[in-house]
Amino acid sequence: MSQTTLAGATGTSAPPGAPASRRRWWILGIIGIAQLMVVLDATIVNIALPSAQQDLGFTDGNRQWIVTAYALAFASLLLLGGRIADLFGRKPAFLIGVAGFAGASVLGGASTSFGMLVTARALQGVFGALLAPAALSLLNTTFTDAKERAKAFSVYGAIAGAGGAVGLLLGGVLTDTLDWRWTLYVNLVFAVAAFVGGWVLLSGHRDAAGAKLDLPGTLLVSAGLFSLVYGFSNAETHDWSSPQTWGFLAAGAVLLTAFTWWQTRAKHPLLPMRVLLDRDRAASFVTVLITGAGMFGVFLFLTYYLQLNLGFSPTRTGVAFLPMMAALMVMAQISTTVLVPRIGPKLVIPAGFAVAAAGMAWLTGIGVDSGFASHVLPQLLLIGAGLGAVMPPAMALATSGIAAEDAGVASATVNTMQQVGGSIGTALLNTLAASAATGYLAGRNPADKLVRAQATIESYTTAFWWSAGFFAAGAVIAFLLYRRGAGQNAAGSDAAPVVHM
């Protein structure tokens with residue numbers, strides 16, 4: 001494994017007047033753009049779905065596949081994408097991921113049929129699975145100085161946490177002012193900036209060039225993650241007792257168990273056990289999983305409430321999430337650069353979960369006639385602040401201290417946890433919300449408009465209570481798993497950064 005200064009790592013000498021530190025921050029910029037493109041795509045298309053459905057003429061039953069096709073491809077191929085970045089170089093993985101994602105987005109925007117749009121969304125997931133771990137591993141290997149690393153991960157974590165809200169805002173604006181197709185075409189803007197920056201600034205150094213791809217492990221984990229996400233997706237449209245739900249969930253559990261067994265015996269494991277067995281890293285993976293599950297309650301059900309109950313337009317709905325994004329970004333900076341270096345994640349992350357849980361519990365007070373300023377905005381600020389103290393530090397600690405040759409697969413594991421958490425949240429909260437609405441309507445007149453409106457409120461508040469429960473459980477688990485002093489060891493380091501790329 002070679003160690004070089006940044007100028008050497010990039011393959012070019014730093015131009016006059018452009019010190020290495022400035023080059024690193026430019027790299028952070030292109031990584032942030034790429035990450036935003038991947039994250040917002042999970043929600044930006046959601047707002048455009050009604051328009052796309054009307055234009056292409058597909059049924060309500062098929063509508064979910066526009067979202068599910070992306071999630072299935074993305075989740076099932078993330079670990080493979082991360083290992084490819086380690087084996088063949090992060091620069092080619094990053095550039096191919098960006099270019100492929102852009103091409104798939106153009107294909108989706110030009111869709112003339114349902115099948116064409118689903119294919120494009122699946123291709124977005126494929127290339128996203130290559131791009132996302134390459135971007136995070138580049139961040140991890142570029143910023144090794146403790147203070148700079150904290151700042152970089154505060155930016156990255158804020159993007160990861162707020163990207164869904166950005167997608168809602170951008171999707172609403174584009175759908176209202178232009179056309180649903182621009183929710184896909186807009187990725188070209190991000191892709192061009194990320195590709196040009198990546199081509200100029202990154203190198204193709206391979207930290208795990210001597211290793212080989214673990215084909216059996218790849219097949220096991222890809223099939224296992226596919227089955228798991230597909231099973232949870234089926235829970236939305238089928239009953240939990242349906243073989244298409246529990247059958248795929250059981251198959252996923254068996255395949256992932258077999259994958260874990262194989263990784264302890266493979267000569268070149270896809271996911272080395274040393275990545276998982278560090279206690280603080282495992283705590284961070286679980287934190288990201290729980291955050292992904294709980295955040296679903298904020299974005300989807302609050303979007304429903306704002307549009308269907310308060311009458312917000314798609315654009316106004318996106319704007320309504322801006323205060324939450326601002327709170328999240330401010331707290332991301334404070335938590336990663338001030339709080340964690342001083343007192344450690346064992347207190348900071350559980351406290352953030354507790355604040356987010358309180359905000360979600362407070363949000364259950366909404367009603368049919370509630371106002372945004374009084375019954376939604378304060379809660380959003382609290383939730384944003386709480387998540388800002390959770391997501392960025394957890395992502396930083398999940399990849400902290402990892403060997404350069406494992407950076408890609410460790411980064412892929414972070415993204416996998418977030419994606420699987422979102423799938424679990426989608427299935428559980430949708431099912432629980434639907435059951436709550438059905439239970440409320442029992443014995444009442446469903447033709448009464450006020451009764452129907454109150455039933456939807458019951459479904460939203462049920463989802464919010466469960467999200468609060470996820471966050472509360474996260475607070476307990478994080479407190480128990482994180483070790484005292486984690487994340488503080490190098491807080492005061494000012495050593496010249498050494499970059500593995």
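The values are calculated or read from the model by the stated rules, or taken from the named source; none is laboratory data. What you see is a predicted model, and the numbers here were worked out from it, not measured in a lab. Don't worry about glycine lacking a Cβ; one is built from the backbone with ideal geometry, like all the others, and counts go over all protein chains shown. The accessibility values were calculated without ligands, DNA or RNA, using every heavy atom of the protein model including side chains. Shrake-Rupley method; radii C 1.70, N 1.55, O 1.52, S 1.80 Å.
Rg to Rh ratio, the chain, alpha-carbon atoms and Kirkwood radius?
Looking at the chain, the ratio lands at 0.96.
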Subject >> Cα-centred dipole magnitude for the chain, charges only on beta-carbon of K, R (+1) and D, E (-1), debye, nearest 20 >> reply: 980
Original post:
Excluding ligands, DNA and RNA, what is the solvent-accessible area per residue of region 246-375 at a probe of 1.4 Å, expressed in Å²?
Top reply: 41
**OP:** Compute the long axis of helix 345-363 from its Cα atoms, compare it with the longest principal axis of the Cα atoms of the chain, and write down the angle in degrees, 0 to 90, nearest 10.
**Re:** 20
Subject >> the chain: angle of helix 114-142 to the longest principal axis, Cα-based, in degrees nearest 10 >> reply: 40
Original post:
To the nearest 10 degrees, how steep is helix 322-334 against the longest Cα principal axis of the chain, on a 0 to 90 scale?
Top reply: 30
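How much area per residue is accessible in region 26-142 when the probe is 1.4 Å and only protein heavy atoms are counted (Å²)?
Computed with neighbouring chains in place, this is 27 Å² per residue.
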Original post:
All other residues with a Cβ under 15 Å from the Cβ of Ser154 taken together, and with Lys, Arg as +1 and Asp, Glu as -1, what is their net charge?
Top reply: +3
Subject >> Rounded, prolate or oblate (a/c below 1.5 giving rounded, otherwise prolate when a/b exceeds b/c) for region 221-378 by Cα gyration tensor >> reply: oblate
**OP:** Keeping the other protein chains in place, figure out the carbon and sulfur percent of the accessible area of the chain, with a 1.4 Å probe.
**Re:** 68
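Quote the FRET efficiency, to the nearest 0.05, computed for Thr177 versus Thr119 with a Förster distance R0 of 30 Å and r equal to the Cβ-Cβ distance.
On the way: r = 27 Å, r/R0 = 0.91.
In this case the efficiency is close to 0.65.
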Subject >> For peptides 335-348, 106-119, 440-453, sequence by mean Cβ density within 10 Å, most packed first >> reply: 335-348, 106-119, 440-453
Original post:
Per the helix-only calculation at 222 nm, which mean residue ellipticity applies to the chain, given -39500 (n - 2.57) for every DSSP H run of n ≥ 4 and division by its residues, nearest 500 deg cm²/dmol?
Top reply: -24500 deg cm²/dmol
**OP:** Using only the alpha-carbon atoms of region 307-416, report the extent along each of the three principal axes, biggest first, to the nearest angstrom.
**Re:** 54, 28, 19
Subject >> Percent of Cα pairs exceeding the 18 Å cut-off, where the set is region 97-248 >> reply: 73
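If you count, for each residue, the other Cβ atoms within 10 Å and average over each peptide, how do 164-176, 185-197 line up from highest to lowest?
Ranked from most to least packed, the peptides come out as 164-176, 185-197.
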Subject >> For region 40-182, diffusion coefficient by Stokes-Einstein and Kirkwood Rh (Cα), 20 °C, 1.002 mPa s, µm²/s >> reply: 133
**OP:** Could you please report the charge total around His268, scoring K, R as +1 and D, E as -1 over all other residues with beta-carbon less than 10 angstrom from its beta-carbon?
**Re:** +2
